[in-house]
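Down below is the structure, laid out as structure tokens.
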Amino acid sequence: MINGILNVYKEAGYTSHDVVAKLRGICRQKKIGHTGTLDPDAVGVLPVCLGNATRLCDMLTDKSKEYEAVLLLGKVTDTQDISGKVLEEHPVPAEEEKAVEAVLSFLGKYEQIPPMYSALKVNGKKLYELARAGKEVERAGRPVEIRQIEILSAALPEITFRVVCSKGTYIRTLCHDIGARLGCGGTMKSLKRTRVGLFTIDNALRLDELEKLAHEDRLEEQVIPVEAMFAELPSVTIQDPFRRLLENGNAFYPEQIREEREAVDGVRVKVYDMEGRFYGIFAYSDEKGRYQPVKMFL
């Protein structure tokens, strides 16, 4: 079984689940999961976790993301992107400066109301299922953060911008909200995700490229090891007589590691055995006087 992460370039027309299904065939294994849904029309970075790296999925979903989006002003659609049914059309203000100012005004934190066409659940039902049935329900706003916005081009009625945002941010809803602020409506014309955490679009591989590598028995060359996701954490090595503690997912004491280091409450470490095998992430607890498991990758 392959264990690690692949930086996949999702092409238009594929759902994130389609990518996972295709990779199950390419990798010849079932244990695969993606790290955050991209709409079918969107393209770009989709980190996919293989084997024991699937335990990372929730952690990678939390990473900040970067996108390039094209906002089309003057239209409102039911899906908040260009693929949806047009609900409203309005004239676009002629002042380019005013439109750019509206985009930049979303920098910072704001309450974003999730779109009806999304996989979020209300009373056990996915919103998009309700939307397809012609139903609209009340949705509570969720706090999101727009950390960076850069205007790449502005030729009204279109504005292309780069955005860095927190998890849970819907870029098509951001486009909708910008249009609402301008009073003319707006919808997302296109979306490219260029970064998820340390995964960038420059190193992302398309499915046909990954399939070719698999046929050449070179796929594992592109697999990023799990421990690379924790490069900022210090490493410790447990002494051989205590390796069984790691194998059973148990806590261990500072005197059972090879290195001499100060144990600090709450500090996380990567843990290896004497042969260099990575076991997982542990955190020291002053209260218990030992390192407690946080996430195991056996």
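The values are calculated or read from the model by the stated rules, or taken from the named source; none is laboratory data. Treat the numbers as computed from the prediction; the structure is a model and nothing was measured. Cβ atoms come from the backbone with ideal geometry, glycine included; neighbour counts cover every protein chain shown.
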Handout entry: Where E101 falls short, out of the listed (1) under 21 Å from Y170 (Cα atoms); (2) touching a residue at least 12 places away in the same chain (Cβ under 8 Å); (3) part of a helix (DSSP H, G or I); (4) not hydroxyl-bearing (S, T, Y)
Key = (2)
Practice task
Filter region 192-247 down to residues that are among the acidic types (D, E), surrounded by 12 or more Cβ atoms within 10 Å (Cβ to Cβ) and at pLDDT 95 or above and give me whichever is nearest to L23 (Cα to Cα).
Solution key: E211
Completion exercise
Exception for A154 within (1) surrounded by 17 or more Cβ atoms within 10 Å (Cβ to Cβ); (2) touching a helix residue (DSSP H, G or I) at 6+ places or on another chain (Cβ under 8 Å); (3) over 23 Å from P47 (Cβ atoms) falls at (1)
Problem - Pairs where the first residue, in region 266-294, is assigned to a loop (DSSP other than H, G, I, E, B) and the second is crowded, with 20+ Cβ neighbours inside 10 Å, C-beta under 8 Å, 6+ apart - result: G266/Y284; V267/Y284; D273/I238; D273/L246; D273/Y279; M274/I238
Fill in the blank from the handout: Within region 248-262, the count of residues that are exposed (fewer than 15 other Cβ atoms within 10 Å of the Cβ) and either polar (S, T, N, Q) or not assigned by TED's automatic domain parsing to the domain that holds K288 (or both) comes to 2
Handout entry: Test for Q222: is it among the polar types (S, T, N, Q) and under 30 Å from E209 (Cβ atoms)
Key = yes
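Every residue in region 121-157 that is among the aliphatic types (A, V, I, L, M), under 26 Å from R195 (Cβ atoms) and in contact with a Phe, Trp or Tyr (Cβ under 9 Å, 6 or more places away or on another chain), please. Break it down stepwise before answering.
Taking region 121-157 as the starting set, the residues that turn out to be among the aliphatic types (A, V, I, L, M) are 122, 127, 130-131, 133, 137, 140, 144, 146, 149, 151-152, 154-156.
Of the ones still in play, those that are also under 26 Å from R195 (Cβ atoms) are 144, 146, 149, 151-152, 154-155.
Hits for region 121-157 are V144, I146, I149, I151, L152, A154.
Quick one: is T35 under 23 Å from the mean Cα position of the chain (by Cα), crowded, with 16+ Cβ neighbours inside 10 Å and free of Cβ contacts under 8 Å to residues at least 24 places away in the same chain? Explain how you work it out, then say what you get.
Working: under 23 Å from the mean Cα position of the chain (by Cα): yes; crowded, with 16+ Cβ neighbours inside 10 Å: yes; free of Cβ contacts under 8 Å to residues at least 24 places away in the same chain: no.
No.
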Handout entry: Residue satisfying all of: in region 244-264; in contact (Cβ under 8 Å) with a residue 40 or more places away in the chain and not aliphatic (A, V, I, L, M); farthest from V294 (Cα to Cα) among these
Key = E247
Practice task
Take region 7-22 and flag every residue that is aliphatic (A, V, I, L, M), at pLDDT below 95 and either within 12 Å of V223 (Cβ to Cβ) or in contact with a Gly (Cβ under 8 Å, 6 or more places away or on another chain) (or both).
Solution key: V20
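Select, from P241, P234, P225, the only residue that is over 30 Å from L87 (Cα atoms) and free of Cβ contacts under 8 Å to residues at least 24 places away in the same chain.
P241
Would you pick out the residues in region 243-265 that are hydrophobic (A, V, I, L, M, F, W, C), within 13 Å of M296 (Cβ to Cβ) and outside any loop (DSSP other than H, G, I, E, B)? So that I can check it myself, show each step before the final result.
Going through region 243-265, the residues hydrophobic (A, V, I, L, M, F, W, C) turn out to be 245-246, 251-252, 257, 263-264.
Now restrict to residues that are within 13 Å of M296 (Cβ to Cβ): 245-246, 251-252.
Residues satisfying the conditions are L245, L246, F252.
Please pick out the residue among L50, L46 that is buried (at least 22 other Cβ atoms within 10 Å of the Cβ), touching a residue at least 24 places away in the same chain (Cβ under 8 Å), of a type outside the set (S, T, Y) and within 22 Å of V70 (Cα to Cα).
On the way: L50 fails: within 22 Å of V70 (Cα to Cα).
Selected residue: L46, the only one of L50, L46 that is buried (at least 22 other Cβ atoms within 10 Å of the Cβ), touching a residue at least 24 places away in the same chain (Cβ under 8 Å), of a type outside the set (S, T, Y) and within 22 Å of V70 (Cα to Cα).
Restricting attention to region 104-147, and to residues there that are charged (D, E, K, R) and part of a helix (DSSP H, G or I), which single residue is modelled with the lowest pLDDT? Please lay out each step first, then the result.
Initially, region 104-147 is screened for residues charged (D, E, K, R), giving 109, 111, 121, 125-126, 129, 132, 135-136, 138-139, 142, 145, 147.
Now narrow it down to the ones that are part of a helix (DSSP H, G or I): 129, 132.
Values: E129: 75, R132: 81.
Ranking the qualifying residues of region 104-147, first place goes to E129.
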Practice task
Those residues that are closer than 17 Å to T35 by Cα, of a type in the set (D, E, K, R) and either part of a strand (DSSP E or B) or touching a helix residue (DSSP H, G or I) at 6+ places or on another chain (Cβ under 7 Å) (or both), I need them from region 171-220; list them, please.
Solution key: K192, R193, R195
